[in-house]
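The values are calculated or read from the model by the stated rules, or taken from the named source; none is laboratory data. It should be emphasised that the depicted structure is a prediction, and the values quoted were computed from it without experimental measurement. All Cβ positions, glycine included, derive from the backbone under ideal geometry; neighbour counts span all protein chains shown.
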């Protein structure tokens, strides 16, 4: 099990972390890798890392989950961040062959910040 940090600058943003994940995989390993974010207001997904698509995705998350009007906001004013992260999920599992992630042509591992800016921990487990 290995960890790396992701530093975010905005309240909501998407960062490609494929290279960070790849660095955690020993050469020659065949199996799976699980990428897990240890936070309740962030998520990990696999999709295309094209800048316009990522911008559209951020807008869609905001449209689906409005910022205000949630009961949890009475506690710490970030219910929207928790709900967005629940929709995304905290982990992805990806096949590995001979030490290489087996992603499709346009697929990347993406970290999704929902309550930044923050420093986040991402755990990578290779099995």
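Checked against (1) free of Cβ contacts under 8 Å to residues at least 60 places away in the same chain; (2) farther than 20 Å from residue 26 by Cα; (3) touching a strand residue (DSSP E or B) at 6+ places or on another chain (Cβ under 9 Å); (4) surrounded by 13 or more Cβ atoms within 10 Å (Cβ to Cβ), residue 84 passes all but condition (1). For residue 39, the conditions (1) touching a residue at least 60 places away in the same chain (Cβ under 8 Å); (2) in a strand (DSSP E or B) all hold with the exception of (2). Could you tell me whether the range 104-114 includes any residue that is surrounded by 13 or more Cβ atoms within 10 Å (Cβ to Cβ), out of contact with any helix residue (DSSP H, G or I) (no Cβ under 9 Å at 6 or more places or on another chain), at pLDDT 95 or above and farther than 17 Å from residue 4 by Cα? No, the range 104-114 contains no residue that is surrounded by 13 or more Cβ atoms within 10 Å (Cβ to Cβ), out of contact with any helix residue (DSSP H, G or I) (no Cβ under 9 Å at 6 or more places or on another chain), at pLDDT 95 or above and farther than 17 Å from residue 4 by Cα. Within the range 87-103, the set of residues being in contact (Cβ under 8 Å) with a residue 60 or more places away in the chain and touching a helix residue (DSSP H, G or I) at 6+ places or on another chain (Cβ under 9 Å) comprises 94, 99, 100, 101, 103. For the range 46-69, the condition of being touching a residue at least 24 places away in the same chain (Cβ under 8 Å), surrounded by 13 or more Cβ atoms within 10 Å (Cβ to Cβ), in a loop (DSSP other than H, G, I, E, B) and within 16 Å of the chain's Cα centre (by Cα) holds for at least one residue. Any chance you could count how many residues in the range 87-113 are on the phi < 0 side of the Ramachandran plot, touching a strand residue (DSSP E or B) at 6+ places or on another chain (Cβ under 6 Å) and assigned to a loop (DSSP other than H, G, I, E, B)? So the answer is 3.
Scanning the range 19-28 for residues that are within 16 Å of the chain's Cα centre (by Cα), more than 19 Å from residue 95 (Cβ to Cβ) and not in a loop (DSSP other than H, G, I, E, B) turns up nothing. Taken over the range 115-127, the criterion of being closer than 14 Å to residue 23 by Cα, surrounded by fewer than 19 Cβ atoms within 10 Å (Cβ to Cβ) and within 13 Å of the chain's Cα centre (by Cα) is satisfied by 123 alone. Against the conditions (1) over 14 Å from the mean Cα position of the chain (by Cα); (2) closer than 17 Å to residue 121 by Cα; (3) surrounded by fewer than 13 Cβ atoms within 10 Å (Cβ to Cβ), residue 31 satisfies every one except (2).
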